[in-house]
Every structure is written in structure tokens, then in C-alpha cells.
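The values are calculated or read from the model by the stated rules, or taken from the named source; none is laboratory data. Computed from a prediction, not measured in an experiment: that's the story for all the values here. Every residue, glycine among them, receives a Cβ derived from its backbone with ideal geometry; neighbour counts consider all protein chains shown. Note: areas computed on protein heavy atoms with side chains; ligands, DNA, RNA excluded. Shrake-Rupley method; radii C 1.70, N 1.55, O 1.52, S 1.80 Å.
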Amino acid sequence: MGLEGPEDLEQLAIKKINGGQVKEGLKLMLRAAKGYEEAGMSEDAARLYKYLGYVLLERTKSVEKARPSLLKSAYLYLDLIDGEISRPEVDVDLLDEYCFSVLEIFATLDDRRGLTRYAEEFAGIYEDLGASYQDNDDIEMAIKAYESAYRYYKLVDNIEAYKRIAETMITLYGQVAESRLESGDIERAAEAFYRLAAFIRALFGYDIHFIEMMDTAAKNFERASKIAYSDGDLDGTTTCLVKAQYAYMLARNFNRAKLIGLNAARILYQVISAHRSKGNDEMATEKLVELTEALMGIGKLDDAMGTYKSALETGSGMEFRVRVRLAALKQFAALNSRVDVLEDIENIEYYTDRGKHTKALELGENAMKREGLVEVLEKIHEAEGVYRSL
């Protein structure tokens, strides 16, 4: 036993835990974590201490018993953050992973002081990174960095700071949208207008400024769908139509949204049939989820859930579950002009864009527990066949 490296100990620990020998497995996991730490493999050590903490929390329901492992993980991640930001080329995605882990740990420990301190600190790091990318005319990376700064400032309710970042983001997304329009990249221009609307909402609320920008996004998604259709790209056509449908909905142009949704659904039935006949199950599943979204948007919830159930029979990606909840939330936000629901939508989309579907699903699930959405959530659960009660 003494000759094994931390990798071997970790594998053995997982085998023990999966085999029901949890206590033995956790002891081995702790040895593996210490081994990684001694070998200078801080990222692996941080990952294992975090895993240990969450397993202890799940098993004992005691935050105090999980605290030492979780804090150890958090401080290792803080060292990793210091190391990453001192590099000449910062890996923003990796930095995001580290920062997210630290804040997740302090939130789990219900340590508001630690959470506030580090969220402010990380927001400052990202704001500096954003400014540096902006100075170097790397607008895409500046947007990515500023967006993280914005989220962290929002997390601690630093209103002045997040509004300052929102103003910067409006400028940057405006540049990106115009540049994409000029180059003929209409779909990605529409995406930029959609994001731009979110930051306008942060400054002005659910008012005419937000509605006009969301309408601009919708018109460009619709335009992109026509271009895709003329190119014979029906997959691209339906994707853009469904995006246009929901952008029109958020712009409170309900008649247009319904018309687009009906058109999208009509084409989607053909597209799904074509993919199935070719044995292309993956694309058929993707398009079934799209059809679910289109049907939800035109108020055909029961039909949508039948379609969603069919999609889950061949593919059960977490991303699909997030998308269905987002569709319901967008419809609810639009019909009721709800700023709070829009904020939830933006948070869910932020985590989805970064591939953190577990976090996005958790946020989506919680956002759906509002009055007026609980019944929809129950129907979603029924279609998924996983949950039985809230």
C-alpha cells in the first residue's frame, strides 16, 4: 500500500466508495489528497479535498464536519488563482473554474463574509483583465472577463460597480454587433444584440430600451433564418426561428412570436422526420428539444411535454433540461414583465454558456418554484420521469 502514488490511491478510493466501503474509501481519498499536495499537484489536491468535503456533508448533514476539507480546498484554489493571474497569458476559463470553486465553497459553508470578500476580489481581477484585453483590442476576451466581473459584483450587490460594468458591456456588445452585421454574420450579430439587451435591462429594467433592443435581436434572428432557408439549411433555419420566437416574446411582440413559433414547428416536424429516416438519432433528438421549445412558446404545453419525453428517450443531456426550463421562464417573464425572472434567466444562460450545466439546472429548478410556474415544473418533472415532487 505504501508504494502507491496519489493517482493509484484515488482510483482505489473511488472503487471502495462505489463498492459501499465508504469509510475506508474516504480515508484513502484523504491520503490521495495529501499525496497530491506533497507532490505539488495543487489542482488535484484541491479537487479531492472539495470532493471529500461534499461527501462528508452529504453523509453527515454537518457543515462543521465538512468545513476543514472544504476550507483546505478553497485555500488551495486561492493559491492556484494567484498563480494563474501572474502568468503572461491568463487562461480565463481555468481562472473561472478556480474562482467558481472558491465561491461555491464559501456559499456552502454559509460564510457570507468570506463569500463577499472573495467575490469582490475576483470581480476586481476580472475588471482589470477586461480593461487589459480592451486596451489590446481583444474585444471578445474583454467581454468574457467583464461578464465574470459583472456576475461577481451582482453576487455581492455592489450596485455602482455592476452598473459601471453594464455600461462598458453595452459599448462592447454594440461594437461586436455592428462588426458582425458588416461582415454578414447575421446570426452572431443577433446573439450580440440579445446579450446587449440584457445589459440594457440591468440599467433600465424591463422598459422600452430593453424591448427595442430585444426586438432588434429578434429581427436579426429572423433574418438569419431566411438566409439559412435560402441556402437549403433547414437545421439552421429552425434554430434561428426558435431564437427569434423567444426574442420576439421577450420584446412582448406576442403575435409575431406566435407566428414564428408556428412556422418553426411546421418545419421542425419535417426536419425530425428526415433525420429519423437517415438514422441520425442525435440530430433528431436535438430537433425534438427545439420543437419542445417552439410548442411551449405557442402555448401548447401538453404537446411540448410529449415531444420532450420522446427526446429524452434517445438523449438525456442536462443541457436539454436547462433549455426546457429556460423556455418556460422566458414565456413567464415576458407575459408578466418580470425583471426578477429575467435576472434568473441571465444567470442560467451565463452558466450554460460556460458549460456549467449542473449549476444552470439547479438555478433553473429553483427559479421555476415561483407561483405561476410550479404546475409547469411538475409537468416537466413528469416528462423527465425523474422527480416525483418538489
Quick check: at a probe of 1.4 Å, how many percent of the accessible area of segment 290-390 sits on carbon and sulfur atoms? 44 percent
Given Cβ charges of +1 for Lys and Arg and -1 for Asp and Glu, the option among 62, 92, 76 whose Cα lies farthest towards the positive end of the dipole of segment 53-97 is 62
Extension gain residue 303-residue 175, at 0.36 nm per residue separation less the Cα-Cα distance, in nm? 42.0 nm
Lys and Arg at +1, Asp and Glu at -1: neighbours of residue 72 with Cβ under 15 Å from its Cβ sum to -2
Quick one: what are the phi-derived ³J(HN,Hα) couplings along segment 30-38, Karplus 6.51/-1.76/1.60 with θ = phi - 60°, whole Hz, x for glycine and proline? 5, 4, 4, 4, 5, x, 4, 4, 5
Report the extension gain between residue 283 and residue 75 in nm, rounded to one decimal, defined as 0.36 nm multiplied by the number of residues separating them, less their alpha carbon distance. 70.6 nm
Can you compute the FRET efficiency between residue 204 and residue 22 using 1/(1 + (r/R0)^6), with r the Cβ-Cβ distance and R0 = 56 Å? Round to the nearest 0.05. 0.60
One checks the Cα atoms of the chain and finds Rg and Dmax, in Å, of 23.1, 71
Which trypsin sites (Lys or Arg not before Pro) in segment 253-348 pass both tests, a DSSP loop state and at most 13 other beta-carbon atoms within 10 Å? 278
Acute angle (nearest 10 degrees) that the helix 281-297 long axis makes with the longest principal axis of the chain, alpha-carbon atoms: 70 degrees
What spacing in nm lies between the two simple spin-label points modelled at residue 337 and residue 375, each 7 Å away from Cα in the Cβ direction? 2.4 nm
Report the one residue of 11, 183, 299 whose Cα lies farthest in the direction of the positive end of the charge dipole of the chain (charges on C-beta: Lys and Arg +1, Asp and Glu -1; origin at the Cα centre). 299
Checked against a 27 Å limit on the C-alpha separation, the offending pairs among 27/356; 309/356; 23/356; 219/287 are 27/356; 23/356
Determine the share of segment 201-254's accessible area contributed by carbon and sulfur atoms, expressed in whole percent, with a 1.4 angstrom probe. 55 percent
Please give the helix 234-250 orientation as an angle from the longest Cα principal axis of the chain, in degrees from 0 to 90, rounded to the nearest 10. 90 degrees
Rounded to the nearest 20 debye, dipole of the chain from Cβ charges on Lys, Arg, Asp, Glu: 1540 debye
Would you calculate, for the chain, the mean residue ellipticity at 222 nm contributed by helices, counting each DSSP H stretch of 4 or more residues as -39,500 (n - 2.57) and dividing by all residues, to the nearest 500? -28000 deg cm²/dmol
Calculate the all-directions average of the projected area of segment 108-184's alpha-carbon convex hull, and give it in nm². 5.7 nm²
At a Förster distance of 41 Å, what's the computed FRET efficiency of residue 132 paired with residue 318, Cβ-Cβ distance as r, to 0.05? 0.75
Given a 1.4 Å probe, how much area per residue of segment 1-88 is accessible, in Å²? 59 Å²
State the extension gain, in nm to one decimal, for the chain segment bounded by residue 229 and residue 120, taking 0.36 nm per residue of separation less the distance between their alpha-carbons. 34.6 nm
Between segment 119-178 and segment 336-384, what is the separation of their alpha carbon centroids in Å? 24 Å
A 1.4 Å probe over the protein heavy atoms gives segment 1-88 a carbon and sulfur accessible-area percentage of 52 percent
Positive end of the charge dipole of the chain (Lys, Arg +1 and Asp, Glu -1 on Cβ, about the Cα centre): tell me which of 284, 229, 162 has its Cα farthest that way. 284
How far, in degrees from 0 to 90, does helix 374-384 lean away from the longest principal axis of the Cα atoms of the chain, to the nearest 10? 80 degrees
